[in-house]
1. Tell me yes or no: at least one residue of the stretch 435-443 is closer than 30 Å to residue 529 by Cβ and either outside any helix (DSSP H, G or I) or at pLDDT below 85 (or both).
2. Please enumerate the residues belonging to the stretch 532-586 that are at positive phi and touching a helix residue (DSSP H, G or I) at 6+ places or on another chain (Cβ under 9 Å).
3. Would you mind stating whether residue 539 is within 13 Å of residue 467 (Cβ to Cβ), assigned by TED's automatic domain parsing to the domain that holds residue 610 and either exposed (fewer than 14 other Cβ atoms within 10 Å of the Cβ) or in contact with a strand residue (DSSP E or B) (Cβ under 6 Å, 6 or more places away or on another chain) (or both)?
4. Within the stretch 403-434, take every residue that is touching a strand residue (DSSP E or B) at 6+ places or on another chain (Cβ under 9 Å) and more than 23 Å from residue 328 (Cβ to Cβ) and give me the one that is modelled with the lowest pLDDT.
5. If I go through the stretch 392-430 residue by residue, how many of them are under 42 Å from the mean Cα position of the chain (by Cα), in a loop (DSSP other than H, G, I, E, B) and surrounded by 13 or more Cβ atoms within 10 Å (Cβ to Cβ)?
6. In the stretch 512-530, how many are touching a strand residue (DSSP E or B) at 6+ places or on another chain (Cβ under 9 Å) and on the phi > 0 side of the Ramachandran plot?
7. Which members of the stretch 12-51 meet the condition of being touching a strand residue (DSSP E or B) at 6+ places or on another chain (Cβ under 6 Å) and at pLDDT 80 or above?
8. Please determine, by comparing only the residues of the stretch 130-160 that are surrounded by fewer than 16 Cβ atoms within 10 Å (Cβ to Cβ) and not in a helix (DSSP H, G or I), which one is nearest to the chain's Cα centre (by Cα).
């Protein structure tokens, strides 16, 4: 074995040790620092630098940044040797980049002759002797292979870091129903990932409680690229020569609309990689969906609160109250719900006369207040439609104290019997939603029949799940607690759809909802009038069978596991936990639930698609 062959063998051994002993090195810089001792040991090379190939040029590892931010990069075509360029000229060009010590270099390529990296060094006698041997090509090949492995590992590390960051951000998004937390979160996430970028929010609606500043979209004067992103729902990019930066517009898009645009301003010389583009897209898409959920959540709460207000008022007004008590209670409700500056109740309306309720505020007994009453009365008697004006001074063509006005008629069999007037000092104080709510509130106050219908509708909303038409958990809770006290025996079943997330991820949430509906319909058909079923949360369903024995309960649970796959499209399996109780056991509802939940947990951990009975030693597998 020659000296150079032995050197090559030792280098391979060193590289193998380097790879196996330094798995914690996660950057190109760390790997080259680990490689340097090998060069020093075998060739006594004291000065060397490594360049990594990125797109079109070689970048030195020290202070590794974007290509466009570096002046010491080496274009690849510079290193393509030909008749017109000698080795000495190439070395001269390398030295001009600030590497004055360099007198030799080694170019590494992959099997397709695509560049991977570049080693520049100050040669030694040992190096020159080795470079003149045929083993130099073998060194190039071995180091090239190492570079490719390091590149893959560095890429995976970056991907893992990005994925962890995304996971943390999406976890925050999915754990809150507060719009301000979501919007602050998306700004923080992008700002943290791109420190040199300026991040700003353009929103379609006012948002309270944000830590970061935001702007409302100016539909007339906004930059075209931002409006294009807002309208199309696609990411747009623009070079802003006037501000010497690039602008990235990423829309905050949900299923039902676009709620704003995340603007990212970056320096002109900073290049976004496809991975970074993907990161931004994932962040804004996730934030858009979470923001939409939060908005819908807020809207649903407002709707529920509005319905509760209407129900409370209607119920109270139809509970044998005197007329004065009705008016007083209605005034209290209107003040609490709409916060007007002044309020008036008018009854016995004729063309030129009306009765002002004593419960009206004093303003409406002044001449200015009487003008508001007269205007509202004429409007309502003319067309019987409610009045809603958010800029009343403009309408009247004069300066008025109260800018916002709402007047709602009180009708009885298409006859105007009175009206309610609310005014406020500020323009646009009352929202259109408030106007519609007030219409409903006043309308329901004189309709006893509507009260009954509304109560039934509200009870349906409270007691049943909208999607599956199964009972809610609170309703089932009451049934179980009552049965434990009154009945001799019963069976409680908890059912969970196996791998339901995969169904949503594969087929979409609409299909996932359809699967839940199919399972719910099947269960309702199976239990008939023998018990109740309720949606426990997510993809969990609870079934309670009072006056049902152990054997019958087992057969029922096994039947569900066996038949549900055939009753669903796409087919899904279920895991079931079951517990039977008797009056002799003196079980509490808490015990019943905990035991059944433990059985379900065992079923899920034992491989799913099975029934586990609490306290039993065997399982039923479908």
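1. So in the stretch 435-443, the residues closer than 30 Å to residue 529 by Cβ come out as none.
Within the stretch 435-443 (the criterion being closer than 30 Å to residue 529 by Cβ and either outside any helix (DSSP H, G or I) or at pLDDT below 85 (or both)), the answer is no, since none of the residues qualifies.
2. So in the stretch 532-586, the residues at positive phi come out as 537-538, 547, 586.
Result: 537, 538, 547.
3. Values: within 13 Å of residue 467 (Cβ to Cβ): yes; assigned by TED's automatic domain parsing to the domain that holds residue 610: yes; either exposed (fewer than 14 other Cβ atoms within 10 Å of the Cβ) or in contact with a strand residue (DSSP E or B) (Cβ under 6 Å, 6 or more places away or on another chain) (or both): yes.
Considered against the rule, which asks whether it is within 13 Å of residue 467 (Cβ to Cβ), assigned by TED's automatic domain parsing to the domain that holds residue 610 and either exposed (fewer than 14 other Cβ atoms within 10 Å of the Cβ) or in contact with a strand residue (DSSP E or B) (Cβ under 6 Å, 6 or more places away or on another chain) (or both), residue 539 comes out as yes.
4. Among them, the one singled out is 428.
5. Final tally of qualifying residues: 6.
6. 0
7. Hits for the stretch 12-51 are 45, 48, 49, 50, 51.
8. 134
The values are calculated or read from the model by the stated rules, or taken from the named source; none is laboratory data. It should be emphasised that the depicted structure is a prediction, and the values quoted were computed from it without experimental measurement. A quick note on method: Cβ atoms are made from the backbone with ideal geometry, for glycine too, and the neighbour counts reach across all protein chains shown.
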